[in-house]
Each structure stands twice: as structure tokens, then as C-alpha cells.
């Protein structure tokens, strides 16, 4: 669970932070936080690969190379690192916005490939990418508003993106849930289903928190308090999501391992 949480936190800081800097508030997220996000992604990818090989009792240089080149999850880790590196470099060197967008997509594609999205075909993989992108956009904007002297104009600028994310998250989440449920009618009787239900309940609490935040902006009330509440709910959702990655959904098919890795 810790590894998944590190990966999600890194994606939120790097992808979400760069979105904020390029589309909302120039310099709204310090470069050091983007570097922290990159570091967390690299650490999470390394932990995921090392833990997998350790569990197989195959932690050698040859098996590492085989895993990274022949196994889908290993190639996803490389894709994640390539995309994250390009994303950070594009911000430092001021590459085009199109380059940054492609690097962000590559990063999130790799992230999705290290979880359940890798075992259910390209369309579900793409839904995982969209779901993660919406999470990064929303959380990145909320963090930027919470840790800077934000105004109602800033909130208004962020609102269309927040609305798009708020629509994307439940739609992609529902489609992924239907796919992961398989033919089972008793999804919520499984450990996976119960954790999923908890995630849905926490996510539902975010919407009234968003409404309260926007109202506070309009009335010039304790805006930061509501933003921190919104952030805390997001963190709880990420914690439950990290737990979900450790549980097989009813339609789960295990990822293949290369024949050269000895168990």
C-alpha cells in the first residue's frame, strides 16, 4: 500500500503541479515540489519493481533486466520514469505545452500500467489514465489555492477545470467498477468491493466540500480552512485507492512473469 501511495502522491505533485504552473497560476507551485513529485515517482517505481522481484526470490541484475523489458508491469515502470523525466525537463527548459502534455500522458500511462489497468485491455487502461489525470488536475489546483494567497478570481479560473475533473472521476470510476466487477453480482461482498464502497463514500463527501469552498470564496470567509478540508478528503481517497491496488477485483487476471525469472 505504501508504494502505491508514494506513486499517487508523486503523480499529484508532478503532473498536477505542472498543470497548475502552465494553465492556472504561473509559479503557483514551487519547482522544488515538482522535483519532490519526480523523486516520489522514481522511488515508488523502484520499490514496486524491487518488491516484485524479491517476492519471486529473483532479485538479480539479469532478472531485473528481463522484468523491465519482457513483463508488462516492468515496461510500465520504465514508461513512467521516461514520462516523468521528460515532464520535469520540459518545465525546466520551457519546452512547448504540447510536449508537456505528451510527457504527462506518458507518465500516467505508465502509472496505470503498474496497477489494475494493465490487466483489462487498452480501453480500461485508458480509463485509468483519465481517472488519474482528473485526480491530478483537481488535487493540484486545490493545493495551489490552499498554499498561496488565492482570490475569488483564482477560484473562478480553476472552476472549469475542477468541474471537468468532477465529471470525469465518477464516469471513469463507474466504467472501471463495472469492468472490474466482471460477472459478479456480489461485488461489495468482497474485500475489494468493500474498499471500493468506502472510496465512493469519501469521494461523495468531496462534492459538498467543493461547494462550501466556492461559497467561502464568494463570501470572503475562511477559504483556506475549506481548502485544507478538501485536500484532507482527497488524501483519504488516495489512501483507500492505494489499498485497492493490493486487492484483486473479481475479474482480475494476474500479470504474467517472464519464464527466466525463477521463483
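The values are calculated or read from the model by the stated rules, or taken from the named source; none is laboratory data. In this text the structure is predicted, and so the values were computed from the model without any measurement. Here the Cβ is made from the backbone with ideal geometry for all residues, glycine too, and neighbour counts use every protein chain on show.
For the structure I just gave you, tell me whether residue 51 is in a helix (DSSP H, G or I) and at pLDDT below 85.
Values: in a helix (DSSP H, G or I): yes; at pLDDT below 85: no.
In short, no.
Within the range 67-87, count every residue that is farther than 16 Å from residue 112 by Cβ and out of contact with any helix residue (DSSP H, G or I) (no Cβ under 8 Å at 6 or more places or on another chain).
Step one: list which residues in the range 67-87 are farther than 16 Å from residue 112 by Cβ, which gives 67-70, 85-86.
Okay, now just the ones that are also out of contact with any helix residue (DSSP H, G or I) (no Cβ under 8 Å at 6 or more places or on another chain), so 70.
Of the residues in the range 67-87, 1 are farther than 16 Å from residue 112 by Cβ and out of contact with any helix residue (DSSP H, G or I) (no Cβ under 8 Å at 6 or more places or on another chain).
Can you say whether residue 41 is in contact with a helix residue (DSSP H, G or I) (Cβ under 7 Å, 6 or more places away or on another chain), surrounded by fewer than 19 Cβ atoms within 10 Å (Cβ to Cβ), at pLDDT 85 or above and part of a helix (DSSP H, G or I), as far as the supplied structure shows?
Working: in contact with a helix residue (DSSP H, G or I) (Cβ under 7 Å, 6 or more places away or on another chain): yes; surrounded by fewer than 19 Cβ atoms within 10 Å (Cβ to Cβ): no; at pLDDT 85 or above: yes; part of a helix (DSSP H, G or I): yes.
No: the conditions fail for residue 41.
For a quick check of your reading: which helices (runs of 4 or more DSSP H) sit entirely within the range 59-176 and have at least 2 residues that are modelled with pLDDT of 85 or more and within 17 Å of the chain's Cα centre (by Cα)? Show your work before the answer.
Numbers: elements: 61-70, 72-92, 97-113, 121-146.
Because the criterion is at least 2 residues that are modelled with pLDDT of 85 or more and within 17 Å of the chain's Cα centre (by Cα), the helices (runs of 4 or more DSSP H) in the range 59-176 that meet it are 72-92, 97-113, 121-146.
Does residue 17 fit the bill of being crowded, with 23+ Cβ neighbours inside 10 Å and either within 19 Å of residue 133 (Cβ to Cβ) or modelled with pLDDT of 85 or more (or both)? Can you show your working first?
Numbers: crowded, with 23+ Cβ neighbours inside 10 Å: yes; either within 19 Å of residue 133 (Cβ to Cβ) or modelled with pLDDT of 85 or more (or both): yes.
It is true that residue 17 is crowded, with 23+ Cβ neighbours inside 10 Å and either within 19 Å of residue 133 (Cβ to Cβ) or modelled with pLDDT of 85 or more (or both).
What tally of residues in the range 220-241 results from selecting those that are assigned to a helix (DSSP H, G or I) and out of contact with any helix residue (DSSP H, G or I) (no Cβ under 7 Å at 6 or more places or on another chain)? Reasoning before the result, please.
Step one: of the range 220-241, the residues assigned to a helix (DSSP H, G or I) are 223-241.
Keeping just the survivors that are out of contact with any helix residue (DSSP H, G or I) (no Cβ under 7 Å at 6 or more places or on another chain) gives 225, 232, 235.
Within the range 220-241, residues that are assigned to a helix (DSSP H, G or I) and out of contact with any helix residue (DSSP H, G or I) (no Cβ under 7 Å at 6 or more places or on another chain) number 3.
Residue by residue through the range 217-228, note down the ones that are under 18 Å from residue 140 (Cα atoms), surrounded by fewer than 20 Cβ atoms within 10 Å (Cβ to Cβ) and without any contact (Cβ under 8 Å) to a residue 60 or more places away in the chain.
225
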